[in-house]
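Visitor: Supplied in structure tokens, the structure appears directly below.
Since every read-out is calculated from the coordinates, none of them should be taken as a lab result. Since the model is a prediction, treat every value here as computed from it, not as a measurement. Glycine gets a Cβ as well: all are built from the backbone with ideal geometry, and neighbour counts include every protein chain shown.
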Number of protein chains: 2
Amino acid sequence: MSYEYAYPHPAVTVDVVVFTIENDELKVLLIQRDQEPFKGQWAMPGGFVGIDERLSDAAKRELKEETGVSVNFLEQFYTFGRPDRDPRERIITVAYYALLPSDQLSLAAGDDARDAQLFSTDALPALAGDHANIFRVAKQRVTERLNDDYFAFRMLPETFTMYELRRVYELFLGEVLDKRNFRKKIIALDQIEETGEKRESVRHRPARLYRVQR
Amino acid sequence: MSYEYAYPHPAVTVDVVVFTIENDELKVLLIQRDQEPFKGQWAMPGGFVGIDERLSDAAKRELKEETGVSVNFLEQFYTFGRPDRDPRERIITVAYYALLPSDQLSLAAGDDARDAQLFSTDALPALAGDHANIFRVAKQRVTERLNDDYFAFRMLPETFTMYELRRVYELFLGEVLDKRNFRKKIIALDQIEETGEKRESVRHRPARLYRVQR
DNA sequence: GCAAAAGTGTTGCTCATACACCCATGG
DNA sequence: CCATGGGTGTATGAGCAACACTTTTGC
């Protein structure tokens, strides 16, 4: 079976930059490509958009197929289309970022991927094609939106401490934030509430747990 | 001549939402389509991306071909890809906005367009397909960026008055701004300078003219 | 002289920042 | 008892919002 067109068509793919926090580090989910081009190199999960498939559905599907991970929160952030970005054919990639709590992440390498794992954003391997650039733009966009939209808790488990929430900001911004001022700002947003529970079994004073309201 | 692929490929187009200010109104540049689909309806200028063409180059080229207008300032803002947005085939559209001074705008309808003209954003005609949505998203993004990036003067001639600059903000924001506070804010940005000239031949006190620095 | 927009300062308030000490727990 | 992060309040400065009158020109 083949498909014919009166003029040349580019291929369209979606790529997903999945951010999470694990062990007090900002991490990104990468797959090791099992197919050409860039076979053996690490890359963002992604792949071709079905001819009748929504772009966001394609992003979710490819992520699921290649890594076993399901996400709810996914936003389109840029479309990469330089003519020379893929050696096979012209490929235009609509890129998404996703934020995920690390406890919802059970990895399973799948189609087109011989491996899938989290990497600290401080120590990324060499990435296939222009994926280092895609990552950079994604991180920048998420960082910008952190201050406007306060969606940092999408990278945390259902309950979390102030320290953990503050660390998300610090890891993206690359600077330390004042503990007292941070707490005041977050409380003023009126987006989270105390659960009444505390984080036990830590070798210091137990911290209050919070959850997102509603 | 025809082009064959092992699996179906969508078509990729670019559309450009051109904003300008004319006669104290916010306007957008539309073409009247001369081809199916949506023949006879008004739409944003745009068209197919060449197989070896950069996306931004395609946007500039299509705009030039269809309206005679050349722009420098062009930014990608979103990619629209719902499977049903075009009746012919799957079309994915990478959308750009452009800001242009109205004095650099001499219209000439061209390929695929029987007419090209400016419309006040308060009185848009019915638009083809999902172009009303594309317009809405573009206006929202430009409005957001007005406050961050201060590129409002890209819609004004080389010299302009404080009143004219303030009107750009007011037209996007849909609210009136305080004259004194606005002037203070703009001066503090240190982006514009006085030309020394004044806007003469108006039936009120002449206003100082400013230009962008450098 | 009248209509129309140009131009000009001060005050109060809100918000962001800077900053230091004691507390509760595990080991 | 020590190491570790948890938790708390105040003072200062910057920036934003509110607000009214005089000036200059064309008609």
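Visitor: Would you mind checking the tilt of helix B:179-189 against the longest principal axis of the Cα atoms of chain B, expressed as 0 to 90 degrees and rounded to 10?
Guide: Helix B:179-189 sits roughly 70 degrees off the main axis of chain B.
Visitor: Any idea what the A:Phe73 label distances to the other copies are, label 7 Å down the Cα→Cβ vector, nm, shortest first?
Guide: 3.3
Visitor: As an exercise, use a Förster radius of 35 Å and the Cβ-Cβ distance of B:Ser2 and B:Arg136 to find the FRET efficiency, rounded to the nearest 0.05.
Guide: After rounding, the FRET efficiency stands at 0.40.
Visitor: Then there's this: For A:Ile21, B:Ile187, what ranking results if the residue with the fewest other Cβ atoms within 10 Å of its Cβ goes first?
Guide: Ordered by Cβ neighbours within 10 Å, fewest first: B:Ile187, A:Ile21.
Visitor: How far is B:Asn133 from the same spot in each other copy, in nm, shortest first, if each label point sits 7 Å from Cα toward Cβ?
Guide: 2.9
Visitor: Taking a ≥ b ≥ c as the square roots of the Cα gyration tensor eigenvalues, with a/c under 1.5 meaning rounded and otherwise prolate when a/b beats b/c, else oblate, which class fits the protein assembly as shown?
Guide: Because a/c hits 1.5 or more and a/b fails to exceed b/c, the protein assembly as shown counts as oblate.
Visitor: Sticking with this structure for a sec: Taking the alpha-carbon centroid of each part, what is the distance from region A:84-138 to region A:1-80 in angstrom?
Guide: 7
Visitor: Taking only Cα atoms, what is the 0 to 90° angle, nearest 10, from helix B:162-173's long axis to the longest principal axis of chain B?
Guide: That works out to roughly 40 degrees.
Visitor: Follow-up question, since we're still on this one. In which sequence would B:Glu75, B:Glu144 go, from the one with the fewest C-beta neighbours within 10 Å to the one with the most? Walk me through the numbers on the way to the answer.
Guide: On the way: B:Glu75 17, B:Glu144 13.
Going from sparsest to densest Cβ surroundings: B:Glu144, B:Glu75.
Visitor: Is region A:79-214 best put as rounded, prolate or oblate by its Cα gyration tensor, with a ≥ b ≥ c the root eigenvalues, rounded for a/c under 1.5, and otherwise prolate when a/b is larger than b/c, oblate when not?
Guide: Here region A:79-214 falls in the prolate category.
Visitor: Just from its helices, what would the mean residue ellipticity at 222 nm be for chain A, if runs of 4 or more DSSP H residues each count -39500 (n - 2.57) and the sum is divided by every residue, rounded to the nearest 500 deg cm²/dmol? Present the calculation step by step, with values, prior to reporting the outcome.
Guide: On the way: 4 runs with 55 residues, N = 214.
Taken over chain A, the calculation gives -8500 deg cm²/dmol.
Visitor: For each of A:Thr93, A:Thr13, count neighbouring Cβ atoms within 10 Å of the residue's Cβ, then give the residues from fewest to most.
Guide: Going from least to most buried by this count: A:Thr13, A:Thr93.
Visitor: Let me ask another. How high is the FRET efficiency between A:Asp190 and B:Glu197 when r is their beta carbon distance and R₀ equals 60 Å, given to the nearest 0.05?
Guide: 0.70
Visitor: Placing a label point 7 Å from Cα toward Cβ, how far apart in nm is A:Met1 from its equivalents in the other copies, listed shortest first to one decimal?
Guide: For A:Met1, the inter-copy label distances come out at 2.8 nm.
Visitor: Tell me the angle of helix A:131-149 to the major Cα principal axis of chain A, expressed in degrees between 0 and 90 and rounded to the nearest ten.
Guide: 40
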